[in-house]
1. Conditions: (1) on the phi > 0 side of the Ramachandran plot; (2) within 14 Å of ligand 1 (Cβ to nearest atom). G113 meets all but one. Number of the miss?
2. Report yes if some residue within segment 270-291 is of a type in the set (K, R) and either crowded, with 20+ Cβ neighbours inside 10 Å or in a loop (DSSP other than H, G, I, E, B) (or both); otherwise report no.
3. Look at D160 and say whether it is within 16 Å of ligand 1 (Cβ to nearest atom) and in contact (Cβ under 8 Å) with a residue 40 or more places away in the chain.
4. Does segment 353-367 hold any residues that are more than 11 Å from ligand 2 (Cβ to nearest atom) and not in a loop (DSSP other than H, G, I, E, B), and which are they?
5. Within segment 400-422, can one find any residue that is of a type in the set (S, T, Y), within 16 Å of ligand 2 (Cβ to nearest atom) and under 22 Å from S444 (Cβ atoms)?
6. Being among the charged types (D, E, K, R), surrounded by 15 or more Cβ atoms within 10 Å (Cβ to Cβ) and within 12 Å of ligand 1 (Cβ to nearest atom), is that true of even one residue in segment 374-385?
7. When R303 is evaluated against the numbered criteria (1) assigned to a loop (DSSP other than H, G, I, E, B); (2) surrounded by 15 or more Cβ atoms within 10 Å (Cβ to Cβ), which criterion, by number, is the only one it fails?
8. Could you please let me know if M431 is assigned to a strand (DSSP E or B), in contact (Cβ under 8 Å) with a residue 12 or more places away in the chain and either within 16 Å of ligand 3 (Cβ to nearest atom) or surrounded by 22 or more Cβ atoms within 10 Å (Cβ to Cβ) (or both)?
Amino acid sequence: MTQCDEVMMNDTLIKELADVAKDAALLQGVLMRIQETPNSSELVTYAPFTLFPTPVPKAVFLQALAVQTHYNTLVDKISQDTDFLEEALSSTIAVDDFTARLFKLHQQILKEGRSQSIVLGLNRSDYMLDQRDDGSSSLKQIEINTFAASFGGLSSRTPDVHRHVLKVAGRLEESQNILDNNPAAGLARAVAKAWELYGSERAVVMFLVEESQRNIFDQRYIESELWKRYCGRGAVLEETSQQLYDGQEVAVVYFRNGYMPQNYISEQTWDARLLMERSLAVKCPDISTHLAGTKKVQQVLTRPGVLEKFFPDQPQVVEQIRATFAGLYTLDMGPEGDKTVTMALEEPDRYVLKPQREGGGNNIYGSEICQVLQGVKGSTERMAYILMDKIHPAPVQNYLLRRDAPLQLNNCLSELGVFGTYVRQGKDMVMNECVGHLLRTKSSEHSDGGVAAGVAVLDNPLLI
Ligand code: ADP
Ligand code: MG
Ligand code: MG
């Protein structure tokens, strides 16, 4: 069936199909707690998702998978390069208090000496497909998340939902083109590896979770994989935010909380982070890997010669990574930053202005770019941001299924995420894998994204 036929499907059929889809999501466990009671499982609903999977060109999809282990290596190398991090972030930390505080923690840990030589990375590199004039699309990285990259759990369950929808819609053949996906298993495998290398039977894995736990099932899938496959060899536990578990030895701390300034509600919270960083536990991520995931670092990586420094003898790796870079521009003081300001003010719709924040809803678009830049362009405050080319994926029509939202056809844009995991012990990369994908889709009316932010919904690529 073509896109056009889909649009023509009559409203009653679509409504019926949407009901089928929602039941399929509930059956498969694509779940979220409801907004009103985020910390109770008495009332749950389906996590928002698209009615139909979205066509994604196979070549671009494979390109994203193929580059993932190199991105893992890159993040890990950056995290170990103290001088690079210091230089890359020096302007940012001069004006951005949150990044400065994280950097201070990083320096303190370096001064004291790292307590643990085992490193666990669970990343998600996100891309959009920039549409070229000739109709083809090119893979452009939006960002890489080294901290609390989510939806590896739920996205392990969505393929069966879309397969079912397509079958019921009479698109049996296409239903076979939806790939299996199981990031949860891959993420758990890396956590288990780190636990094993830590080498204490008694020690536990601690999930440091958010105060508001709407998305709890996403991490429950990872936890469940750990119980299913690795326990008996140790325990897994989960603790609420801000409380450190006492009385048990912690082998691995998996942070799902702690990437926003709002997560650090008091000095004690910062003390807790320091305590964890100092502890013998394997941190996911450790403070240096956290910093490696900043948007400022992403911008600095696009400078000539920087990738070559990290991969001196691997021009093909450099090329593979660089091919995914969008244009990124500094706002540091000086002629280069001045040029960025002029460019952005002249054609704000061509760019996205980004502060050093995570979790969706923080970026600046369109005329607001001018407002913000007019305010900061003459001062060092502008160094808190970077400027990025805006990526323009081809819009695809789809229905977004979300509790309490009307069922209507939307013009949609998608973002492809690829999950990567690695475990390093001292100098040895013990594990480096690409473990699955995530497709998120939003209405093109929204500039920013994020499922947790209430804008994007879960989706699946339908390879074409
Ligand atoms: P966050 O860390 O908050 O997720 P992102 O850089 O991923 O920050 O930006 C949030 C969202 O904004 C993305 O999911 C995407 O929808 C949109 N976005 C970000 N950068 C671009 C870009 N260069 N072009 C188009 N959209 C973008
Ligand atoms: Mg993002
Ligand atoms: Mg992010």
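A short reminder: the numbers here are calculations on the coordinates, not readings from a lab. Note that this is a predicted model, so its numbers are computed, not measured. Don't worry about glycine lacking a Cβ; one is built from the backbone with ideal geometry, like all the others, and counts go over all protein chains shown.
1. Failing condition for G113: (2).
2. Let us first name the residues in segment 270-291 that are of a type in the set (K, R), namely 273, 278, 283.
With either crowded, with 20+ Cβ neighbours inside 10 Å or in a loop (DSSP other than H, G, I, E, B) (or both) added as a condition, the list becomes 273, 283.
Looking through segment 270-291, at least one residue is of a type in the set (K, R) and either crowded, with 20+ Cβ neighbours inside 10 Å or in a loop (DSSP other than H, G, I, E, B) (or both).
3. The answer is no for D160.
4. Hits for segment 353-367 are L353, P355, I364, Y365, S367.
5. yes
6. Here is the first cut: in segment 374-385, the residues among the charged types (D, E, K, R) are 377, 381-382.
Now restrict to residues that are surrounded by 15 or more Cβ atoms within 10 Å (Cβ to Cβ): 377, 381-382.
Adding the requirement that they be within 12 Å of ligand 1 (Cβ to nearest atom) leaves none.
No, the conditions are met nowhere in segment 374-385.
7. It is condition (2) that R303 fails.
8. In short, no.
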